[in-house]
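Report on the structure given below.
The values are calculated or read from the model by the stated rules, or taken from the named source; none is laboratory data. It should be emphasised that the depicted structure is a prediction, and the values quoted were computed from it without experimental measurement. Neighbour counts run over all protein chains shown; Cβ positions are idealised from the backbone, glycine included.
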Amino acid sequence: MMSLSIIEYYAEHERYKCGYCKKPDTSYSHGIWAHTMTVSDYQDLIDRGWRRSGKYCYKPTLDVTCCPSYTIRCKALDFKATKSQKKILKRINKYLSGETEQDKDDRRMSTSQSYEQIENLGEQFITPKQDPQIINVHNVTFTSGNNEQDDSAIGDTSPIPYMCDDVPETSGDLMMEKGDEASLKMLQTDCVPGTSKVLSVKNDMGPDPNKAPCKKAKLLRRERRLQKLKDKGVDITTLSDTNKNKEKQIEDFINELPENVKHKLEIKLVRTTPPSGEWLATAKQTHDVYVKYQMKVHGDTLEKCSEPKFKEFLVHSPLLEEHSEVGPPSGYGSFHQQYWLDGKILAVGVIDILPKCVSSVYFFYDPDYMHLNLGTYGALREIAFTRNLHTLCPELKYYYLGFYIHSCCKMRYKGNFHPSDLLCPETYKWFPIENCLPKLDRSPYSRLDPDIDSVDENFPKQGDINYIPIHYKGSVLLYKVYKKKVSKSRRNSEQLDEYLKLVGAKTAKKLVLVR
């Protein structure tokens, strides 16, 4: 019995408060209380729109409820980070490296001072500060002749602009000091009296043309990396030049930290069901972070964040611990991914490792580090974790983010993890989210499958009800045997028909239903 999924089915849960729009009586769903459940059975359930919260599994009634919730999964193997997601990864790395906001301010000041020096360099040609032989120029523009960007400019900067509104009006000619002819050669005027004109530095006024132009920092870093490989005996001539333009993967950002960092970040995977020794040793610290998060971010009371409620919500799980030759070393089941920063728990990701996916249940963190965007960072690390598990378990290649709720703006961020699919609530097939969004813009509930002839391939057929396993008086009987032992009034066949359609014929024949 302990290796089977044993569940109780609850009829439709009607008119209760919605957790998204907060309306008091507009949410509808169906429920299952799972005493135990195998990971493969739960995988089948979430692929039909079910989701667990603790040991309670629920399936929203999408065509009735106020905020239709569509199951969303990310194709982890093909994941491409957006620009904003890359910035978050870089921000975390900079923090771990010890770079602070003061460091950024210092760099900005240094850059500003550099520009001031360049401007002062330009002023010697237009301001009569020392040499009386220099004639003031009104509304003069130093040009390169073709107005194209000068590749020999200092660093990678464009020509520096100068404004000369307050320069006294004189002729357009310019008297130069002896020896300046070699550096200036020619000045071309482009001015309209009484107006302001931008002055740009001429091509041959830049650095020494006999010296190589300054290189970009990115190119310098690449050259240093190649030199290190060369010093180690690696033949760098075999490295393809196209690699330098290859798009960085999420793992590249995670692993680009230097060896010596100011802050140490470590991620530990601990099993919560059954509770492992690692989990028991860190339970209090984990709960403390949860309390801080819920009270600060969600405004919960201390009573609502009590330890029993925390465990009921994020620790207790019906999923059975399973190990397989083709499975991950940790096995399948329910886990906490603990993010340890300098010896303290910074954040916790509650996840389920299933045969085809890593399923995100919840994520919470210390709100003192809210500026690091840890919610998105946690999702990115879980995607990387999924990709890593795939190298060990080829069938495991998706990252499930829970429900996508298009009518709730706060939940739309899940659609930013590309590429992702949404589950059609009628045919239970997956479709790219970008194809679904126009339909959801028109209506909160929509059939996402564009093929009008497509059907639910797991829809029960006549007679399938007879093969539902029923737990009755300590024994497991098929429904066709069970119905002979009880009166017709106790069978409640209409409810069983509804249950069969919701979980699908395949899964219904494996779940042991308690009556």
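See the values below:
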{"read-out": "Scan of region 33-47 for residues that are part of a strand (DSSP E or B) and not β-branched (Val, Ile, Thr), ordered by number", "value": "Trp33, Ala34, His35, Met37"}
{"read-out": "Residue list for region 23-32, filter: touching a Phe, Trp or Tyr at 6+ places or on another chain (Cβ under 9 Å) and either among the charged types (D, E, K, R) or not in a strand (DSSP E or B) (or both)", "value": "Pro24, Asp25, Thr26"}
{"read-out": "Wholly within region 418-509, helices (runs of 4 or more DSSP H) carrying at least 1 residues that are among the acidic types (Asp, Glu)", "value": "433-442, 493-503"}
{"read-out": "Sole exception among (1) within 27 Å of Tyr9 (Cβ to Cβ); (2) at pLDDT 95 or above; (3) loosely packed, with under 13 Cβ neighbours inside 10 Å for Gly463, by number", "value": "(2)"}
{"read-out": "Residue ID - modelled with the highest pLDDT, chosen from residues in region 412-422 that are surrounded by fewer than 23 Cβ atoms within 10 Å (Cβ to Cβ) and farther than 17 Å from Ala384 by Cα", "value": "Asp421"}
